[in-house]
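Read through the structure below, which is laid out as structure tokens, and then see the notes.
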Amino acid sequence: MCGIVGYVGEQSAESVVVEGLRRLEYRGYDSAGVVLVDDGRLVGDKRAGKLANLDKALAEAPLPRSTIGIGHTRWATHGPPTDHNAHPHRGQQGRVAVVHNGIIENFAVLRAELEGSGAELLSDTDTEVAAHLLEREVLAGCTLTEAMQAVARRLEGAFTLVAVDAEDDTRVVAARRNSPLVVGLGEGENFLASDVAAFIGHTRQALELGQDQVVTITRDAVEVSDFSGAPAEGKEYHVDWDLTAAEKGGFDWFMRKEIFEQPRAVADSLLGRHDDTGRLQLDEIRMSEDELRDVDKIIITACGTAFYAGLVAKYAIEHWTRIPCEVELAHEFRYRDPILTRDTLVVAISQSGETADTLMAIRHAKEQRAKVLAICNTNGSTIPRESDAVIYTHAGPEIGVASTKGFTTQLVACYLLGLFLAQVRGTRFGDEIAAVVDELAAMPDRLQQVLDDAESVYGLARELEGARSVLFLGRHAGYPVALEGALKLKELAYIHAEGFAAGELKHGPIALIEPGMPVFCIVPPRGRDFLHDKMVSGIQEVRARGARTIVVADEGDTSVEPYADVLLRVPRSSTLLQPLAAVLPLQLFACELATVKGHDVDQPRNLAKSVTVE
Ligand code: F6R
């Protein structure tokens, strides 16, 4: 949700900043802008629309060469996406410029105060007040660092601010509270960004910052303080992926590339999780076995796709551990006053680790003294940092706005957690756990088999280009898969799509079925025959009303053939692990349908990747 970049070094700041924005555009693409320091003045440009509009403007009217600058790509909160609401924003005299991610909650009061003392604010944004306040401090004689500390103390809400001063071409200064910011450590150059992707082409050394910190970068130094100016420290780490992981590698979309990366991402997320004897070991979990034995309730909290991963996890965790498990949307969690005790384990699932709703949920859980475990794909992000324990997924960077490998690797982490709890508490025998772990190890090959047949899903998507509405049905662990299939289609193809538990259909939604309406049906494997047979009955019910059934079923399941207008096969898996494979055709379908409709698959309208506002 908004991408921000700051640079100081020897290279052209314009190229470094614009290139960084390109890699952060998944965070917001309503407008983009850049400001450089040039010989005692600020120069820059900003444009509504995607970064390409800024690129064009910069090509037509090049900026002077400078080695220090800041940039922003916006997901609008305050004020529509216009040129004048685009960042950076400047103070009254144009001496200080600032970019911002987050929401300054007390901006109306601050704006009234500034206007009361004669300031003229030009935009509708909350950000502009920060630019004016910073400039006033600087004009009063403060360094930009001191100004940032003073202003940060006055702001309420969530913010990362990055600023430059026209009369100081040595430093870029940032502050962070509840919004992401990471420092890239180079040789004779340093970087600031919302995400390491912005500078990964220049350095893989990064510095993680804490909450309520101000950081000043110069060419050769990085200084961190708290908002009062007292020295503080960040935590240095090495980024374990490189530029190639952040590029499309021959695919038309990041999303398609990420779909095809899933066999590797799942395999990587399983690496090193058990010892030579086959016992699971989750070293990073940082909770003692006694603490895990004491857990008497699990609440999984997440949003969107991660929430659906949590719904699958509930089936697996309750089955293997017999611990009651609830799943709650993070933005609903704290408002319903959940019952939490020291023995409640709250599991927060978040690909980005920065989703504000999920972050607020875990803070609420911690206030109530519950233990919090994060499942996260982004090293050093806020949610795992504020949790008691973490299981990292190893999906690599997920850049396509629609989550794909994020989902499947979250499933893997949830399975590992459930099995680990079963091992610690003795609710499953060692050989039963080992059998599931072996099956998990076989899943990457099965996923690859589904992907090898992508063409048949693409053909179907092309055929259904004109569909106005698509339904998805599932049961048990297949129900969240149906929800996820519908979400992918809504967010990418912009058509009406809904996922239902197949048994619920006859309680109302079956009225939606019209002749020819495409209905995806996720059929559980045989083995739990009662479940399988109920799902087949559900397919018959919609078919009898004229639906066109697209059946996702195990290889070898011939019983569904008479009821399938289209049959998409997935390799045979156990009921609980089937979602890993069954979701792939749905991801491929949504990606292709959006492509044939001419939509921007990586940057769907109105969305942003990392939702850092509540
Ligand atoms: C959908 C999607 C979103 C995210 C949700 C949570 O394709 O990507 O629904 O899953 O915004 O994001 P994280 O996992 O980063 O907390």
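Below are the figures for this structure:
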{"read-out": "Alpha carbon convex hull of the range 3-245, projected area averaged over orientations, nm²", "value": "11.6"}
{"read-out": "Whole-Hz couplings from phi, Karplus 6.51/-1.76/1.60, listed for the range 352-360; x for Gly and Pro", "value": "6, x, 10, 4, 4, 4, 6, 4, 5"}
{"read-out": "For the chain, calculated [θ]222 nm from helices alone, where every DSSP H run of n ≥ 4 adds -39500 (n - 2.57)", "value": "-11000 deg cm²/dmol"}
{"read-out": "For THR277, THR409, THR125, order by how many other beta-carbon atoms lie within 10 Å, fewest first", "value": "THR277, THR125, THR409"}
{"read-out": "The range 222-242 and the range 1-79: distance between their alpha carbon centers, rounded to Å", "value": "24"}
{"read-out": "Separation in nanometres of the label points that stand 7 Å from Cα toward Cβ, at SER574 and ALA511", "value": "4.2"}
{"read-out": "Over the chain, relative contact order from alpha-carbon pairs under 8 Å, at least 6 apart, %", "value": "12"}
{"read-out": "Between 0 and 90°, nearest 10: helix 13-24 axis offset from the chain longest Cα axis", "value": "20"}
{"read-out": "Long-range Cα-Cα pairs in the chain (distance over 40 Å), rounded percent", "value": "31"}
{"read-out": "Mean-position separation - Cα centroids, the range 434-493 and the range 111-164, in angstrom", "value": "48"}
{"read-out": "Cut-off 20 Å, label 7 Å out along Cα→Cβ of ASP343, residues of the range 304-333 by amide N", "value": "317-327"}
{"read-out": "Over 24 Å between alpha carbons, listed pairs LYS257/LYS597; LYS46/LYS405; LYS366/LYS490; LYS371/LYS405", "value": "LYS46/LYS405; LYS366/LYS490; LYS371/LYS405"}
{"read-out": "J(HN,Hα) series, the range 578-589, from Karplus relation 6.51 cos²θ - 1.76 cosθ + 1.60, nearest Hz, glycine and proline x", "value": "4, x, 4, 8, 5, 6, 4, x, 6, 5, 4, 5"}
{"read-out": "Cβ charges +1 (Lys, Arg) and -1 (Asp, Glu), total dipole of the range 454-596, debye", "value": "240"}
{"read-out": "Label-point separation, GLN93 to ASN106 (7 Å along Cα→Cβ), nm", "value": "2.6"}
{"read-out": "Ratio of Rg to Rh over the range 248-448 (Cα coordinates, Kirkwood Rh, two decimals)", "value": "0.96"}
{"read-out": "Antiparallel DSSP beta bridges within the chain, percent to nearest 5", "value": "60"}
{"read-out": "Quotient of C-alpha Rg and 2.2 N^0.38 Å, computed over the range 339-428", "value": "1.10"}
{"read-out": "Degrees, to the nearest 10: 304-321 long Cα axis against longest axis of the chain", "value": "50"}
{"read-out": "Cβ-derived FRET efficiency at R0 60 Å, SER15 paired with ARG528, nearest 0.05", "value": "0.55"}
{"read-out": "Relative contact order for the range 3-245, counting Cα pairs under 8 Å that sit 6 or more residues apart, in percent", "value": "20"}
{"read-out": "Sequence-distant residues sharing a close amide H with GLU328 (under 5 Å, placed H)", "value": "ILE300, THR301, ALA302"}
{"read-out": "Sparsely packed trypsin sites (Lys or Arg not before Pro) within the range 354-454, loop by DSSP, other Cβ within 10 Å at most 11", "value": "ARG369"}
{"read-out": "Exposure proxy ranking, count of Cβ atoms within 10 Å, fewest first, for SER269, SER350, SER228, SER469", "value": "SER228, SER469, SER269, SER350"}
{"read-out": "Karplus 3J(HN,Hα) series, Hz, for the range 391-402 with 6.51 cos²θ - 1.76 cosθ + 1.60 (x for Gly, Pro)", "value": "10, 7, 8, 10, 7, x, x, 10, 9, x, 4, 7"}
{"read-out": "Convex hull per residue volume in Å³, alpha carbons only, for the range 442-554", "value": "104"}
{"read-out": "Built amide H within the under 5 Å cut-off of SER179, gap 5+", "value": "PHE159"}
{"read-out": "Neighbour-count order for GLU258, GLU367, fewest beta carbons within 10 angstrom listed first", "value": "GLU367, GLU258"}
{"read-out": "Interchain or long-range residues, amide H under 5 Å from ILE391's placed H", "value": "ALA374, ILE375, CYS376"}
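Read the figures in this text as sums done on the coordinates, not as results from a lab. None of the values given here were measured: they were computed from a predicted structure. Please note: Cβ atoms are built from the backbone with ideal geometry, for glycine as well, and neighbour counts cover all protein chains shown.
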